[in-house]
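Only the coordinates and a few stated rules stand behind these numbers; no lab work does. This is a predicted model, so every value here is computed, not measured. Glycine also receives a Cβ, built like all others from the backbone with ideal geometry; neighbour counts cover every protein chain displayed.
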Amino acid sequence: MSHGRVTPELRRWIVKQVEAGQTPEGLLQSMIANGWPESVALEVMERTLRIRVAQLKAGENSKEAADEGSEG
């Protein structure tokens with residue numbers, strides 16, 4: 001990973017790291033060590049994780065709706 005464009009691969013890497021238990025501080029330090037300016041790294045992390053949380057919530061809502069539909 002090196003500083004450059006924010007790619008889908010970078011976003012997947014961020015999500016994978018967090019889901020594997022990497023701390024936000026550790027993830028930030030890793031990005032900085034790979035040439036990302038701190039402010040840019042923070043912004044990319046925040047946007048990526050907000051999107052991931054929204055995806056997870058949408059998945060939960062879909063599952064709940066499906067569960068409610070099968071109870072009837």
Rg to Rh, two decimals, where region 8-71 supplies the alpha carbon set and Rh follows Kirkwood: 1.17
Between residue 62 and residue 12, what FRET efficiency follows from the Cβ-Cβ distance if R0 is 22 Å, with the result rounded to 0.05? 0.55
Of 40, 18, 56, which is farthest along the charge dipole of the chain in the positive direction, counting Lys and Arg as +1 and Asp and Glu as -1 at C-beta? 40
Could you size up the charge dipole of region 8-71 around its Cα centre, putting +1 on the beta carbon of Lys and Arg and -1 on that of Asp and Glu, and report it in debye to the nearest 20? 300 debye
